[in-house]
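The values are calculated or read from the model by the stated rules, or taken from the named source; none is laboratory data. Model, not experiment: these values are computed from the prediction. No Cβ is skipped: glycine too gets one built from the backbone with ideal geometry, and neighbour counts run over all protein chains shown. Remember, those area values only see protein heavy atoms, side chains included, never the ligands or the DNA or RNA. Shrake-Rupley method; radii C 1.70, N 1.55, O 1.52, S 1.80 Å.
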Amino acid sequence: MTLQIDVEGRTQDSAGGPEAVSDKGGFSPVNVFSHAVLIAWAVLVVVPFGWALIASLKSTGEIFGDNPWALPKKLLWENFANAWEKGVGDYLLNSLVVVAGGVFGTMLFGSMVAYVLARYQFPGNRLIYYLFAAGMMFPTFLAIVPLFFVVKGFGMVSTYQGLILVYIAYSLPFTVFFMHSFFRTLPTSIAEAALVDGAGHATTFFRVMLPMARPGLLSVGIFNVLGQFNQFVLPSFLSPEKPVLSQGIATLLGSQRYDNDWGTLFAALTIAMVPVIVVYLIFYRQVQAGLTGATLK
């Protein structure tokens, strides 16, 4: 019996009916080892987040007291108000605007490029694809100086549009690489049927193929949201007068030597983490389906 992965990431047998995925691993050494590694990894991720969340409701004295793991004696919600008054709200707004524009542009242009490279054969096709793939290996630090002068030449330093364009260019290689593999898994017959029915290439892409690639778009979109929301190097050089959230957190951290208000700092960290976690919790099923569909077909 052969298995197929449909565009929604569901597993089906060759007869077309859904087949439940059975766990045949049992208590094999490989399963035990893999679960132990995953549990250890989960602890490494969850514990710091939980500690930061608890510390955001404490005073500085409680955070550095005899038992830093103790629950707060009194919930200091004013730490979040203090963080907001110190500019976290403006930093968060800047991040949301830039990430929204950057992810939209990245997904639009990245999916268009990936579709053309995956579906149309023309001279230089593979060379262009390999150039995009090589872009993933290019260190960001090496591009900072020429990138700054390019953005400055267009008069876009410390502007939303300048940072959005840079984010799009920064995220395009991975998006093209991922979506190229996904478009190659979609059935060719559907696109051919749309063309036979009179649809143009643009209509076939936007109204037929792009909706079918939704699991892949959601998966790579989540990765782009995470990468652009947590980006620190690029905005530090290209947007010093309109800082995003990661720059604002660094500024608050640097001011602690004078303010000594660590509860406010951890409240700002919590505000920075919550949007990313919410986005992932909403779309994590689609992320898993997209990754499965793109890698196993």
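Could you tell me which numbered condition Leu252 fails, if it satisfies all but one of (1) within 30 Å of Pro72 (Cβ to Cβ); (2) open to solvent by 30 Å² or more (accessible area, probe 1.4 Å)?
Leu252 satisfies every listed condition except (2).
Within segment 149-167, identify whether any single residue is among the small types (Gly, Ala, Ser), buried (at least 18 other Cβ atoms within 10 Å of the Cβ) and either more than 18 Å from Gly227 (Cα to Cα) or without any contact (Cβ under 8 Å) to a residue 12 or more places away in the chain (or both), and answer yes or no.
No, segment 149-167 has no match at all.
Taking Phe178 as meeting all but one of (1) more than 24 Å from Tyr129 (Cβ to Cβ); (2) open to solvent by less than 60 Å² (accessible area, probe 1.4 Å), write down the number of the exception.
(1)
State all residues of segment 108-129 that are touching a residue at least 40 places away in the same chain (Cβ under 8 Å) and either in a loop (DSSP other than H, G, I, E, B) or touching a helix residue (DSSP H, G or I) at 6+ places or on another chain (Cβ under 6 Å) (or both); if no residue qualifies, say none.
Gly110, Ser111, Val113, Ala114, Tyr115, Leu117, Ala118, Tyr129
Yes or no, residue by residue, for (1) open to solvent by 10 Å² or more (accessible area, probe 1.4 Å); (2) modelled with pLDDT of 90 or more; (3) more than 18 Å from Phe232 (Cβ to Cβ); (4) among the aliphatic types (A, V, I, L, M):
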{"position": "Asn82", "(1), (2), (3), (4)": "yes, no, yes, no"}
{"position": "Lys86", "(1), (2), (3), (4)": "yes, no, yes, no"}
{"position": "Leu93", "(1), (2), (3), (4)": "yes, yes, no, yes"}
{"position": "Gly110", "(1), (2), (3), (4)": "no, yes, yes, no"}
{"position": "Ala114", "(1), (2), (3), (4)": "no, yes, yes, yes"}
{"position": "Arg126", "(1), (2), (3), (4)": "yes, yes, yes, no"}
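Given the conditions (1) open to solvent by less than 50 Å² (accessible area, probe 1.4 Å); (2) assigned to a loop (DSSP other than H, G, I, E, B); (3) of a type in the set (Asp, Glu), report the number of the one that Asp66 does not fulfil.
(1)
I'd like the residue in segment 130-148 that is over 27 Å from Pro275 (Cβ atoms) and in a loop (DSSP other than H, G, I, E, B) and, out of all such residues, is most open to solvent (accessible area, probe 1.4 Å).
Met137
Within segment 276-297, track down each residue that is open to solvent by 60 Å² or more (accessible area, probe 1.4 Å) and either out of contact with any helix residue (DSSP H, G or I) (no Cβ under 7 Å at 6 or more places or on another chain) or at pLDDT 85 or above (or both).
Hits for segment 276-297 are Ile277, Val278, Leu281, Ile282, Tyr284, Arg285, Gln288, Thr295, Leu296.
For residues in segment 207-253 being over 20 Å from the mean Cα position of the chain (by Cα) and not in a helix (DSSP H, G or I), which is farthest from Asn82 (Cα to Cα)?
Ser239
Residues of segment 192-205 being crowded, with 16+ Cβ neighbours inside 10 Å and not in a loop (DSSP other than H, G, I, E, B), which ones?
Selection gives Ala194, Thr204, Phe205.
Determine, yes or no, whether Pro215 is in contact with a Gly (Cβ under 6 Å, 6 or more places away or on another chain) and under 25 Å from Tyr284 (Cα atoms).
When the stated conditions are applied, Pro215 passes them.
Condition check: among the small types (Gly, Ala, Ser), under 21 Å from Gln247 (Cβ atoms) and either in contact (Cβ under 8 Å) with a residue 12 or more places away in the chain or open to solvent by 70 Å² or more (accessible area, probe 1.4 Å) (or both). Does Ser189 satisfy that?
Answer is no for this residue.
How many residues are touching a helix residue (DSSP H, G or I) at 6+ places or on another chain (Cβ under 6 Å) and open to solvent by 10 Å² or more (accessible area, probe 1.4 Å) if we restrict to segment 266-275?
First, the residues of segment 266-275 that are touching a helix residue (DSSP H, G or I) at 6+ places or on another chain (Cβ under 6 Å): 266-272.
Filter once more, so that each one left must be open to solvent by 10 Å² or more (accessible area, probe 1.4 Å): 266, 269, 271-272.
Number satisfying all stated conditions: 4.
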